[in-house]
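Throughout, read-outs are computed from the coordinates displayed, never taken from laboratory work. This is a predicted model, so every value here is computed, not measured. Cβ sites come from the backbone with ideal geometry, for glycine too, and all protein chains shown count toward neighbours.
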Amino acid sequence: MTYIIMISLSFFILSVMAGLKASSSTSPSSLRILTKDCNQTGLDNYRVSDCSDMAKIPRMNASTGPEWDSVQIKISKDGSAPVVNVAWKLRCDGSLRAIRGSEINIRDENTNQSVCEQIHFSVKNMENSKEERWTFSLDVLVEPKHTYTITVFHFPEPDIGHYRIVNQTTVPGCKDPRIKNSQLCQENGSLWIPRIAAVFTEKKDLIIVAFDSAEYSESYLVSIQSGSVNCSKLVNKENRTRLNVTLECVSSQLSQYEVTIQPYFIGCKNNCESAKKNVTRSQSSRSIKICLGIMLIFVGVLVYLRQKASHKAAPVTPASADKQQPEVFHVQERKRVLVIYSLDHLLYKNIVLKFSAFLAAKCGTDVVVDLLDSTRLGVLGSIQWLEWHKEQIERSKDKILILCSRGVQAKWRAMCGGKQVFLREDALSAIGDTLTPSLTLLAPYFIRSPSFEKYIVAYFDDVCCEEDIPLPFKITVRYKLMKQFEEVFFRILNTEKHEPGRVKQIIGLSEDKYHECPSGGALRDAIEAFRMYQLEHPYWFQEELLERSELEDLEATEECDEQKIRITDHLACVFSSVQLISDMEIRKSVVAINETKIQLAEMHEMDSTLEFNSHTIQGSDVGSGEAGEAVPHLPSWKERKYIIIK
């Protein structure tokens, strides 16, 4: 009895081990990261390592988090298996100088398996060598029908909170067009198209099932079922691409049958998906031939029509158009443009002013900007001032140029229900915030397609980025300044730069030429100054934001300064009046002294003549005595005493 139990136990253990071995042989490949090299030109201290705990730093010194670029499901470069391509970007602000690398963590939610990798690097510039945002990507080997959680963050991380970004992606089955051509999916029958056909014979109750075989399946189980009728037959491929199987279990009393083809692929083995088709007994070989003939005729007609269409002569463009040199365009008419912007910073305000000066001096454009028309704006008010200029532009062919920046995006979000925004420069400016009323007035007109030609959306890409453009303005073309300034100026002139057979060009407006004139050089210096300031102050925009209490204190300080100025002006007026009175009294005294001298001379009838030094009597004739004339020199006390004694 004991011997039998030991034999049974041994057999059970062997069975379990065999089952484990079989299951391990069919288990999916382990999760791993395929891409090991993300190095790019301009990266410093680049290396790749496994994940380890990193020290955290104060939140103000930490970098902001990355942004998703894309998470795509595709096939690996060698075509062996499906992968998830993960790509992320660095934010275009100065905090990227604090980045020492990125960490990516992928976890399989089905198996709880995870993989992690750290990419060490540092950057100095906000853009890479291609003048684009820094982007990193890598491929992760995945399994069909599995769900993965992907986490990416920069290190060192802040000690409070985090800037991590998380994405959860589910990989589709092997029938999905994105991965069905991979080796893994082909071994599971992703490309198998059986094209099942069934024919009932007229002499006997037989059915002939025909289907196409697949590359990675050698055996097939063919079954037919209808009611109580159920029969099957196993068939081997034997290097045949089309298989025919005859089954003899058909009943003359039944007309509907379900044909099932069960393949045995090397990937899924006994768990492969089967192919099914319902057939009707009334079908005959003759009807099948007729259907096939009609299909062949239809396909032939389609092929003929396609070939006929492909042979049609394509429009030929002149070969000289591609080789033609740009044609120099001369500005004939002076245009006007209204500039809309946000006072983000004092240095950005300087950029706007230098840009307006460049438009006026170099391009001969009449620039309308609130900073240069503060007197009229103060009289009319921002809404009336803007509405008057908008009506003037709508009646002409002039343009409205919207310069997007961090402040424009923040104020647009505030208009849409977000947090209110108070900028320091708006509070210090005499005209205040003119952007918010401008957006309120222009947004309803901008979204109308006939108004697109009136508006030009642009941004200085050295100090701003694409994310600073509000959503409604992204429906039109966005220009980068000063890289695409020539295109912007052609828009202002209502002229197309590219026309059939020729390309227009304006000398001195390209990216590498605009700064050669004095106004262009000043503009370039202003842009570079603000760019360097952003690198040294990553949180410059947050520093420009004022809380409501700070705004009230600033307004109170401005009122106090205004009162001091008024008091000073009043005192100056009083002192001027006192000085005027004093001057008049002094001059009257001088006249009286002169009269006394004459009277004394006549009274004593002296032969000697009174002698006065020229510097003593010079200017004694004050004339009308108006305020503001030079005060005459008065005799000293000794001089006056000498005159009386004499």
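Multiply the residue separation of Lys124 and Glu258 by 0.36 nm, subtract the distance between their alpha-carbon atoms, and state the gained length in nm to one decimal.
On the way: separation 134, 0.36 × 134 = 48.24 nm, distance 6.79 nm.
Separation in residues times 0.36 nm, less the Cα-Cα distance, equals 41.4 nm.
Using the Cβ of Ile261 as centre and a radius below 15 Å, the other residues enclosed give a net charge of +3, where K and R count +1 and D and E count -1.
Apply 1/(1 + (r/R0)^6) to the Cβ-Cβ distance of Ser274 and Cys116, taking R0 = 41 Å, and write down the FRET efficiency to the nearest 0.05.
Details: r = 40 Å, r/R0 = 0.97.
According to the calculation, E is roughly 0.55.
Each residue of the range 525-534 was assigned a 3J(HN,Hα) from its phi angle through the Karplus expression (A = 6.51, B = -1.76, C = 1.60, θ = phi - 60°), giving 5, 5, 5, 5, 4, 5, 5, 5, 5, 5 Hz with x at Gly and Pro. Potential lengthening of the chain between Lys237 and Asn181 amounts to 18.0 nm, from the contour at 0.36 nm per residue minus the alpha-carbon distance. Too long at a 25 Å Cα-Cα cut-off: which of Lys77/Lys175; Lys454/Lys480; Lys124/Lys354; Lys180/Lys277; Lys362/Lys504; Lys354/Lys454? Pairs exceeding 25 Å: Lys124/Lys354.
Peptides 481-492, 107-118 ranked from most to least packed by the mean count of surrounding Cβ atoms within 10 Å: 481-492, 107-118. Taking a point 7 angstrom from the Cα of Arg164 along the C-beta vector, which residues in the range 114-142 have backbone N less than 17 Å away? Within reach of a label on Arg164, which here means backbone N under 17 Å from a point 7 Å along Cα→Cβ, the range 114-142 contributes 114-119.
Starting from the Cα of Lys513, step 7 Å toward the Cβ, then list every residue of the range 331-357 with an amide N under 13 Å from that point. The answer is 331.
Placing pseudo-labels 7 Å out from each Cα toward the beta carbon at Glu487 and Asn39 gives an inter-label distance of 3.5 nm.
Residues in the range 337-370, backbone N under 14 Å from the label point at Arg376 (7 Å along the Cα-to-beta-carbon vector): list them, ranges by number please. The answer is 337-339, 366-370. One chain, two ends: Ala529 and Asp50. Fully extended at 0.36 nm per residue, the span grows by 168.4 nm beyond their Cα-Cα distance.
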